[in-house]
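Inspection log for the structure reproduced underneath, given as structure tokens.
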Amino acid sequence: MNVRTVGVVHVPVIDLRATGQNIKRLREAAGFSVRDLQVILGFTSPQAIYKWQNGDSLPTIDNLVILAAVLGVAIDQIIVIDGPDGDGEVIFNKSIITNIRVQ
């Protein structure tokens, strides 16, 4: 068995807290209350929205699409990528295993 390193992969990381603050800022700028978003999204309670705003969780993709439309922004204007220049990355080596022999 041979192990070969094929390079370094850069993976963006979402900053949950900053994204939550961004959701709150965009919501307020658009003139919506948490209750308004709750009704628009069809939620029975506002808990999910508060969790997003507190950075405890992220909206699902379908809810991000709705949020972007309602707030009048693109999805990438809602999500905040961690890092000093907005491009924070986790770096790891990627390896490929070759020549495996079964006896």
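Ordered by the count of other Cβ atoms within 10 Å of each Cβ, fewest first, Ile79, Ile40 give Ile40, Ile79. Extension gain, Gln21-Phe43: 0.36 nm per intervening residue step, less the Cα-Cα distance, totals 5.9 nm.
Where a number appears in this text, it was derived from the coordinates with a stated rule and is not lab data. The structure presented is a predicted model; accordingly, all values stated were derived computationally and were not measured. Counting neighbours? That spans all protein chains shown, and the Cβs are built from the backbone with ideal geometry, glycine included.
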